[in-house]
Amino acid sequence: MRTISSIVEAIIAQSPFYAEAIAEGIVNNAEIARRIKPLVEKRLLEDVSEAAVSMALHRLEKTMKRPETTGILPRISDITVRSNLVEFVFPNAEDMFSVVDEVSRLARKRKDAFVNFSRGLYGSLLIVSKEFEKDAARAARRARAERVGGLSAITMRLPDECVEMPGVYYPLLKAIAWEGISFVEVMSIDTEFSIIFKDEDVDRAFSVLKRITAAATTSMLPSGVV
């Protein structure tokens with residue numbers, strides 16, 4: 001039998017912003033109840049009161065745990081920005097591997113080179129430093145690639161245990177989303193996590209990420225220590 005409590009729990013489970021806010025105890029249950037009441041009624045197929053929804057939220061609040069991922073923020077290190085990046089997007093084809101081979105050969109000579117290749121089911125993308133653009137573009141023309149320029153990457157080093165931690169990217173992407181900042185791509189290699197932005201958005205995104213990691217570090221200090 002479907003109940004108000006079970007439906008409210010399902011709705012909150014599908015809404016990470018609400019779930020985290022409730023777990024942290026930083027929201028007004030009555031306001032959330034007002035917002036999700038129409039969803040509860042739609043699923044329950046009958047009218048319900050805001051008070052009943054608010055009571056279900058109150059009971060849920062007692063059992064929700066603070067997300068473990070919030071603890072990684074003060075331990076994120078080496079937040080760096082790489083500018084002058086170019087992306088090539090092309091359909092999957094045999095020709096694209098010649099593009100990757102050519103750029104990889106050139107990149108071996110530069111330790112600081114930024115080269116990232118990702119292959120999906122229907123298409124692939126290659127992101128390279130500006131210095132490799134001409135070589136990549138020349139090879140990419142054979143693979144009918146689409147060029148996207150004016151990009152920058154923010155790269156972070158995450159703690160080792162993040163490899164097996166669910167939802168580890170959520171607090172980072174949430175902070176960016178709340179500021180209304182769009183990103184172009186996300187990518188990871190083991191504990192190295194990178195987000196690709198348009199040049200005009202990267203400074204604001206960097207400020208947001210530095211702010212939330214610094215704030216998390218400060219909140220973990222003993223009382224009276226700054």
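If you work out percent of Cα pairs over 26 Å apart from the coordinates, which of (1) 30; (2) 53; (3) 40 do you get?
Correct label is (2).
Which of the aspartates and glutamates could a cross-linker bridge to K109, judged by Cα under 19 Å and excluding same-chain residues fewer than eight apart?
Once the sequence-local aspartates and glutamates are set aside, what remains near K109 is D101, E131, E133, D135.
Scan the chain and hand back the longest stretch that contains none of the trypsin sites (Lys or Arg not before Pro) lying in DSSP loops with at most 13 other Cβ atoms within 10 Å.
Details: sites that count: R2, K65, R108, K109, R110, K111, R144.
The reported range is 145-226.
Strictly over 22 Å apart at the Cα level, which of K37/K62; K111/K210; K111/K134; K174/K210; K174/K198 would you flag in this model? Show your work: numbers first, answer last.
Numbers: K37/K62 20 Å; K111/K210 26 Å; K111/K134 19 Å; K174/K210 14 Å; K174/K198 18 Å.
Those over the limit are K111/K210.
Amide H to amide H, which residues 5 or more places from E185 or on other chains are under 5 Å from it, using H placed in the peptide plane?
I196
Averaging sequence separations of C-alpha pairs under 8 Å and six or more residues apart, then dividing by the length of region 4-66, give the relative contact order as a whole percent.
Working: 55 pairs, mean separation 29.7, N = 63.
Relative contact order comes out at 47 percent.
Work out the charge dipole of the chain with +1 on the Cβ of Lys and Arg and -1 on the Cβ of Asp and Glu about the Cα centre, then indicate which of V89, T3, A205 is farthest towards its positive end.
After comparing all options, I get V89.
Treating cross-link reach as a plain straight distance, find the aspartates and glutamates whose alpha-carbon is under 18 Å from the alpha-carbon of K42, omitting any fewer than eight places away in the same chain.
E9, E50
What's the extension gain from A137 to A177 if we count 0.36 nm per residue and subtract their Cα-Cα distance? Before the final figure, lay out the partial values.
On the way: separation 40, 0.36 × 40 = 14.40 nm, distance 3.21 nm.
So the chain would gain 11.2 nm between A137 and A177.
Taking the Cα centre of the chain as origin, sum charge times position over the Cβ atoms of Lys and Arg (+1) and Asp and Glu (-1), and report the length of that vector in debye to the nearest 20.
Details: 31 positive and 32 negative charges, 52 e Å.
Computed charge dipole of the chain: roughly 260 debye.
Based on the Cβ-Cβ distance from I189 to D101, what FRET efficiency comes out when R0 is 22 Å, to the nearest 0.05?
Working: r = 19 Å, r/R0 = 0.88.
With a Förster radius of 22 Å, E is 0.70.
None of the figures in this text is laboratory data; all of them are computed from the coordinates on show. Because the structure is a prediction, the values reported are computed rather than measured. Heads up, the Cβs are rebuilt from the backbone with ideal geometry, glycines too, and the neighbour counts pull from every protein chain shown.
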